[in-house]
Amino acid sequence: MSDIDEKQMILYAQMANLVSLILQWPDINLKEIAENFSKLACNAHTVCDGELRPLGTGLYPVISIINHSCLPNAVLVFEGRTAVVRAIQHIPIGSEVMISYIETAGNTMTRQKALIEQYFFNCACPRCVKMGQSDDVIESAILEGYRCKGEGCNGFMLRDSDDKGFICQKCGLLRDKEEVRQIANEIKTLSNKVENLAASDRQKAVHTYKEIEDLQMNLFHSHSINLMRTREAILKILMELCEWQEALAYCRLTVPAYERVYGGVHPLLGLQYYTCGKLEWFLGETYDAVRSLTKAADILRITHGTNTQFMKELLFKLEEARAEACYKEAS
Ligand SMILES: C[S@@+](CC[C@H](N)C(=O)[O-])C[C@H]1O[C@@H](n2cnc3c(N)ncnc32)[C@H](O)[C@@H]1O
């Protein structure tokens with residue numbers, strides 16, 4: 001309990017009070033209840049559906065003995081209420097099975113912060129031990145840093161030693177920190193505005209997200225997580241608006257960033273291919289649909305197995321798309 005920050009402690013105390021009010025037990029121990037909430041936060045897992053949409057929270061005694069890695073060798077998925085851990089790579093006998101507790105997209109500092117705040121440990125996984133080394137600095141600059149404004153240059157930028165701004169590590173161009181600050185402020189203003197819009201006026205929300213996207217394309221590297229999140233938000237609203245063609249364009253825009261951020265066998269990458277494939281299939285782009293659905297199935301059969309309804313639907317769609325591609329080729 002001593003590691004918990006004050007804000008969190010207050011929240012646990014409030015929740016303990018609520019429990020006390022509901023139960024009305026005479027000798028209830030508020031400190032113990034608050035401690036139990038803290039233990040729950042470290043040991044519980046978010047129960048999700050096949051498409052990783054959160055449904056609730058569950059405490060699974062066996063699953064809760066599994067430790068975390070930002071480069072995990074297993075994933076936790078749910079089949080209804082049943083928690084299933086699947087290997088995503090060969091795990092040699094005697095090696096520890098590790099899952100990720102957090103969104104692995106962030107740079108090392110972001111991930112470390114999330115792990116310390118919720119789980120109270122310093123991660124020493126193969127990704128985190130590289131903190132500060134050149135590979136890690138480059139990854140961080142690409143995922144969360146600024147882009148070079150040099151024409152056609154895709155270099156990543158690091159803060160210059162005189163603190164005037166950011167220097168491109170490829171072409172040497174300086175980006176003034178005032179200019180960066182101004183764009184960042186504009187993005188912040190629009191982001192505050194769009195939060196209120198998303199539920200009330202989706203058309204306006206898409207328009208505002210596109211303004212944010214333009215600013216982010218100017219500011220961030222093309223594989224930046226911020227830009228990826230904005231495009232995800234646009235994609236989600238376009239799907240709600242049934243703007244399928246444009247939704248497909250946005251889904252395709254997110255894929256290279258997903259490949260970079262989630263790489264290899266990751267359920268989120270599989271699901272993004274699946275969304276692309278479904279849109280392509282719906283829009284009659286059969287060959288592209290076969291390609292995307294195949295990529296989705298290759299990943300998701302590892303992370304999700306093949307027995308769930310969700311996977312059966314994916315494999316059925318893939319078969320349908322393949323059959324149509326064969327028919328098109330033959331006619
Ligand atoms: C769900 S429990 C995991 C099982 C726990 N290690 C045990 O022995 O019961 C989560 C807690 O385990 C510890 N933990 C998990 N992964 C870790 C890691 N990679 N390095 C250090 N501690 C870790 C942290 O204290 C975290 O709050």
* Structure fact -> Distance in Å, no decimals, from the C-alpha centre of segment 13-53 to the one of segment 221-249 is 36 Å
* Structure fact -> For LYS170, the aspartates and glutamates lying under 19 Å Cα to Cα, once residues fewer than eight places off in the same chain are dropped, come out as ASP135, ASP136, GLU139, GLU144, GLU151, ASP160, ASP162
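So which of LYS177/LYS204; LYS7/LYS113; LYS188/LYS236; LYS7/LYS193; LYS149/LYS204 end up more than 24 Å apart, counting from Cα to Cα?
Numbers: LYS177/LYS204 31 Å; LYS7/LYS113 16 Å; LYS188/LYS236 20 Å; LYS7/LYS193 26 Å; LYS149/LYS204 29 Å.
Listed pairs above 24 Å: LYS177/LYS204; LYS7/LYS193; LYS149/LYS204.
Can you tell me the accessible area per residue over segment 1-48, all protein chains present, probe 1.4 angstrom, in square angstrom? Display every interim value, and only then the final one.
On the way: 3500 Å² over 48 residues.
Value returned for segment 1-48: 73 Å² of accessible area per residue.
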* Which three lengths, in whole Å and largest first, does segment 101-145 cover when its Cα atoms are put on their principal axes? -> 27, 17, 12
* Structure fact -> If unit charges are put on Cβ atoms (+1 for Lys and Arg, -1 for Asp and Glu) and the dipole of the chain is taken about its Cα centre, the option from LEU40, ALA247, THR308 lying farthest towards the positive end turns out to be THR308
* Keeping every protein chain in place, order ILE93, ILE138 by accessible area at 1.4 Å, biggest value first, i.e. largest first. => ILE93, ILE138
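Could you work out the local net charge near THR254, counting Lys and Arg as +1, Asp and Glu as -1, over the other residues with Cβ closer than 10 Å to its Cβ? It would help to have the intermediate numbers written out before the result.
Values: positive: ARG229, ARG231, ARG252; negative: GLU232, GLU259.
With Lys, Arg at +1 and Asp, Glu at -1, the neighbours total +1.
List the residue ranges in the chain for DSSP H helices whose C-alpha atoms run 24 angstrom or more along the long axis and whose Kyte-Doolittle average is 0.0 or above.
Working: long enough: 6-23 (25 Å, 0.88); 177-200 (35 Å, -0.67); 202-219 (25 Å, -1.03); 244-262 (25 Å, -0.14); 286-304 (25 Å, -0.06); 309-330 (31 Å, -0.45).
Length and hydropathy pass: 6-23.
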* Structure fact -> With a Förster distance of 22 angstrom and the Cβ-Cβ distance between GLU246 and SER331, calculated FRET efficiency to the nearest 0.05 equals 0.15
* To do: Tell me the label-point distance for the pair THR46, THR189, using the 7 Å Cα-to-Cβ offset, in nm and rounded to one decimal.
  => 3.2 nm
* Asked: Taking the Cβ of GLU79 as the center, what net charge do the other residues with Cβ under 11 Å away carry, scoring Lys and Arg +1 and Asp and Glu -1?
  -> +1
* Structure fact -> segment 161-313 accessible area per residue, 1.4 Å probe, protein heavy atoms, integer Å², reads 49 Å²
* How many nm separate the modelled label positions at VAL84 and THR306, each set 7 Å beyond the Cα in the direction of the Cβ? -> 1.2 nm
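Can you tell me the dipole magnitude for the chain around its Cα centre, using point charges on the Cβ only (Lys, Arg +1; Asp, Glu -1), in Debye to the nearest 20? Please report the intermediate quantities before stating the final value.
Working: 36 positive and 43 negative charges, 50 e Å.
Using Cβ point charges on Lys, Arg, Asp and Glu, the chain gives about 240 debye.
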* Structure fact -> Here the Cα Rg-to-2.2 N^0.38 Å ratio for the chain is 1.14
* **Accessible surface ranking that places the most exposed of MET98, MET157 first, with a 1.4 angstrom probe** => MET98, MET157
* Structure fact -> For segment 101-145, the accessible surface attributable to carbon and sulfur atoms (probe 1.4 angstrom, ligands and nucleic acids excluded) amounts in percent to 57 percent
* Structure fact -> Projecting the Cα atoms of CYS123, LEU235, PRO72 onto the charge dipole of the chain, where Lys and Arg contribute +1 and Asp and Glu -1 at Cβ, the residue farthest towards the positive end is PRO72
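First select every other residue whose beta carbon is under 12 angstrom from the beta carbon of GLY305; then total the charges, Lys and Arg +1, Asp and Glu -1. Before the final figure, lay out the partial values.
On the way: positive: ARG86, ARG301, LYS312; negative: GLU79.
In short, +2.
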* **Length added when fully stretched, LYS210-LEU158, from 0.36 nm per residue minus Cα-Cα** => 16.1 nm
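Under a point-charge model restricted to the Cβ atoms of Lys and Arg (+1) and Asp and Glu (-1), what is the dipole moment magnitude of segment 101-145 relative to its Cα centre, in debye to the nearest 20? Present the calculation step by step, with values, prior to reporting the outcome.
Values: 4 positive and 6 negative charges, 25 e Å.
Roughly 120 debye for segment 101-145.
Mind running the shape call on segment 1-48? Use the C-alpha gyration tensor, a ≥ b ≥ c as the square roots of the eigenvalues: rounded below 1.5 for a/c, prolate if a/b tops b/c, oblate otherwise. It would help to have the intermediate numbers written out before the result.
On the way: a/c = 2.11, a/b = 1.38, b/c = 1.53.
Judged from the Cα gyration tensor, segment 1-48 comes out oblate (a/c at least 1.5, b/c at or above a/b).
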* LEU18 paired with ALA114, simple spin-label distance in nm, labels 7 Å along Cα-to-beta-carbon -> 2.4 nm
* Asked: Of HIS45, HIS207, which has the most accessible area and how do the rest follow, probe 1.4 Å?
  -> HIS207, HIS45
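The values are calculated or read from the model by the stated rules, or taken from the named source; none is laboratory data. This one's a predicted model, so the numbers in the text were calculated from it and none came from an experiment. All Cβ positions, even for glycine, are placed from backbone atoms using ideal geometry, and neighbour counts span all protein chains on display. For the accessible areas, the whole protein counts, side chains as well, though only heavy atoms, and no ligand, DNA or RNA atoms are used. Shrake-Rupley method; radii C 1.70, N 1.55, O 1.52, S 1.80 Å.
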